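The values are calculated or read from the model by the stated rules, or taken from the named source; none is laboratory data. What you see is a predicted model, and the numbers here were worked out from it, not measured in a lab. Here Cβ is always computed from backbone atoms with ideal geometry, including for glycine, and neighbour counts include all displayed protein chains. The area values use the complete protein model at the heavy-atom level, side chains included, leaving out ligands, DNA and RNA. Shrake-Rupley method; radii C 1.70, N 1.55, O 1.52, S 1.80 Å.
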Amino acid sequence: MAANMYRVGDYVYFENSSSNPYLIRRIEELNKTANGNVEAKVVCLFRRRDISGNLNTLADSNAREFEEESKQPSLAEQQKHQLKHRELFLSRQFESLPATHIRGKCNVTLLNETDVLAGYLEKEDCFFYSLVFDPVQKTLLADQGEIRVGSKYQAEIPDKLAEGESDNRIQEKLETKVWDPNNQLKDPQIDQFLVVARAVGTFARALDCSSSIRQPSLHMSAAAASRDITLFHAMDTLQKNNYDLAKAMSTLVPQGGPVLCRDEMEEWSASEAMLFEEALEKYGKDFNDIRQDFLPWKSLASVVQFYYMWKTTDRYIQQKRLKAAEADSKLKQVYIPTYTKPNPNQIMVPGSKPGMNGAAGFQKGLSCESCHSKYSQDLTREEGRYLSAAQSPQWYAWGPPNMQCRLCASCWIYWKKYGGLKTPTQLEGAARAGSSGPRGHMTRQEVQGLSPFTRNEGRAKLLAKNRQTFILQTTKLTRVARRVCEDILQPRRAARRPYASINANAVKAECMIRLPKATKTQVKTKVIPRPSLATIVKDLAISAPLKLKASRGPPTPINRNQASQPRGAQSLLGKRGFDSATGVPYPANGRPYTSGMRTTSQSVIKRQKVSQGEAPNPVVFVATKDTRALRKHLTQSEMRRAARKPHLPVRIKLPPPPRSLVSLLPSSTSEPIVLED
């Protein structure tokens with residue numbers, strides 16, 4: 001009964017998705033809605049999987065500094081991995097959730113240097129936090145409410161003086177005397193001087209224009225003059241004048257007029273006081289945030305002093321009574337029965353219905369993705385270790401459906417509570433990237449980017465480019481596994497069926513077994529000699545044929561924008577063919593065209609507006625007048641053959657040029673022409 005009773009201030013698990021881990025929240029209020037349901041106003045706490053990679057790096061550096069300062073014992077890699085699941089980040093974000101989504105209680109504490117981190121792993125449902133996460137600004141800051149416990153916060157107590165030993169320390173440097181109780185004045189004389197100081201303060205407020213506006217009546221001025229700031233000033237005046245009443249009187253009323261003493265309650269305006277009350281309602285007693293967001297023109301000391309003076313006013317007492325009455329009308333606790341409905345991710349066991357996460361049924365060949373065992377791990381523990389029990393009656397689908405990963409009952413509960421697996425796996429990062437259930441909404445690039453054969457840096461690039469080409473960069477181990485485990489991997493069959501999943505873990509495990517036994521023969525590679533760039537440019541300049549000088553007309557327009565560009569402007573998308581830059585036509589491979597080779601180019605593009613987001617940055621070659629003339633000498637079959645095999649050169653038989661009539665006539669000479677009859 002007590003386990004299912006939830007009160008204000010409890011840290012609880014909330015379930016917002018059947019496949020995602022639980023949300024950890026702190027109950028602030030329990031409200032009853034109009035239809036009779038109960039809603040909980042909660043404070044959000046975030047896990048490491050909920051923040052960005054940069055903030056995770058910042059949290060790692062903060063954890064290393066904490067371990068160095070508190071001298072934590074060394075932990076194993078698996079313990080460090082599980083300890084990250086116990087770390088939370090507090091926030092000031094509130095939300096309302098149905099109370100029926102509560103799935104249990106947990107314990108969240110503020111981390112201090114006296115704690116042992118390994119102790120959190122020994123306790124169930126135990127978390128800690130040390131940083132505050134701002135979901136709007138995406139920042140991590142140290143919590144201002146940390147408990148200052150430790151050697152560096154303790155006072156150094158000197159040794160006790162022996163009997164009869166004198167203290168040689170200079171008392172004036174250690175402390176300042178502000179009042180001497182053994183003075184020559186009697187208590188009635190001191191009380192009379194304090195009354196005179198209040199009267200002087202009232203008269204000073206009557207002379208001050210700003211004070212007369214704030215306290216228009218005499219009793220308000222007298223009440224302001226009777227505050228502690230006036231009494232402190234009067235007693236300090238007596239101390240400075242060696243408790244001489246005559247000198248103290250003259251100090252209260254100097255030549256320029258009576259001394260006016262104000263505290264923070266009198267200095268602040270009504271609008272500033274309302275801002276402070278609003279900030280106090282939002283941030284609580286976090287005076288740094290109150291000053292930064294609401295009262296930046298005030299100092300931190302002024303805000304703190306005003307708070308403690310504001311607590312002595314009737315305004316604070318009225319608000320406290322209103323909050324108490326409002327709290328009495330709200331729910332103090334709520335009973336939520338244990339959630340017993342089956343999870344949709346549960347895989348079918350023999351004699352039951354299948355699950356709803358794409359799992360076909362119970363498969364004995366698969367093992368738990370977390371504990372890597374075909375046997376479950378019972379929830380009972382002995383000496384801090386999980387006991388192996390009989391085969392688990394419940395298995396849950398986890399991760400991408402095509403990978404057919406599953407978790408046993410114990411690992412599934414660990415995943416739901418702590419947001420991770422007991423052992424670090426590459427698929428855990430994949431589940432974190434798509435933790436919103438089945439990956440039917442993911443693009444092809446994103447699903448392939450979650451492959452264990454891809455690197456992390458390449459994976460980020462794939463997720464950023466949705467409509468462009470991508471390259472899967474394999475690791476060295478993957479390339480070795482293709483040769484060593486060729487019988488298991490079957491690369492030809494996998495290339496013909498790219499949609500079929502490959503058990504990468506099995507291939508890698510088999511590769512690590514076979515790799516030490518593999519032959520150490522070096523793979524023979526054929527070295528292709530390649531000339532230098534200077535040699536290629538020199539050969540191209542020598543063997544390039546001369547091009548007939550043609551009339552330079554306006555460029556052929558590709559789209560509406562290019563038609564209005566001046567002569568010499570670039571073509572579509574800022575690219576042009578190689579021949580337009582040098583004046584000599586060259587193909588893409590850099591070899592010069594011969595007399596029997598056709599220049600490769602594309603046809604004229606239709607006038608259409610190309611979307612920059614859809615187009616994969618093509619290279620457009622504009623057909624010239626000579627290119628069109630060469631195409632006319634190709635037959636239809638040759639055109640089709642060239643289109644099917646664009647990498648092969650095309651031989652063009654050009655007809656001999658017709659001999660002009662001028663070339664048949666002899667050249668002109670200076671000799672006379674003789675006509676014979």
| remark: Taking a crude spin-label model, label points 7 Å out from Cα along the C-beta direction, the R64 to R92 distance in nm is 3.1
| query | What does a probe at Q79 reach in segment 97-125, counting residues whose amide N is under 15 Å from the point 7 Å along Cα→Cβ? | reply | 115-123
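Applying 1/(1 + (r/R0)^6) with R0 = 60 Å to the Cβ-Cβ distance of K282 and K632, what FRET efficiency is obtained, to the nearest 0.05? Numbers along the way, then the final one.
Numbers: r = 80 Å, r/R0 = 1.34.
For K282 and K632, the calculated efficiency is 0.15.
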| Can you give the accessible area of M639, probe radius 1.4 Å, in Å² rounded to 10? | 80
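Please work out the FRET efficiency for the pair R479 and H372, using the Cβ-Cβ distance as r and a Förster radius of 25 Å; give the result to the nearest 0.05. It would help to have the intermediate numbers written out before the result.
Working: r = 25 Å, r/R0 = 1.01.
The formula returns an efficiency of 0.50 here.
Taking square-rooted eigenvalues a ≥ b ≥ c of the alpha carbon gyration tensor, is segment 1-98 rounded, prolate or oblate, where a/c under 1.5 means rounded and, failing that, a/b exceeding b/c means prolate? List each step's numbers first, then the result.
Details: a/c = 2.46, a/b = 2.23, b/c = 1.10.
Taking the square roots of the gyration eigenvalues as a ≥ b ≥ c, segment 1-98 is prolate.
Excluding same-chain pairs closer than 8 in sequence, count the lysine pairs in segment 154-277 whose Cα atoms lie under 19 Å apart.
Details: K173/K240; K177/K240; K186/K240; K186/K247.
Going through segment 154-277 pair by pair, I get 4.
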| query | Given the pairs K32/K323; K123/K323; K32/K341; K341/K416, which are separated by over 26 angstrom at their Cα positions? | reply | K123/K323
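My understanding is that a pair violates if its Cα-Cα distance is over 22 Å; which of K298/K320; K41/K285; K152/K311; K84/K138; K71/K105 do that in this structure? If you can, show how the numbers build up before the last one.
Values: K298/K320 25 Å; K41/K285 20 Å; K152/K311 32 Å; K84/K138 19 Å; K71/K105 31 Å.
Result: K298/K320; K152/K311; K71/K105 exceed 22 Å.
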| note | Each label sits 7 Å from Cα toward the beta-carbon; between R321 and D539 the label points are separated, in nm, by 10.1
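For L300 and K177, what is the calculated FRET efficiency with R₀ set at 35 Å and r taken between the beta-carbons, to the nearest 0.05?
Working: r = 28 Å, r/R0 = 0.80.
E(calc), rounded to 0.05, equals 0.80.
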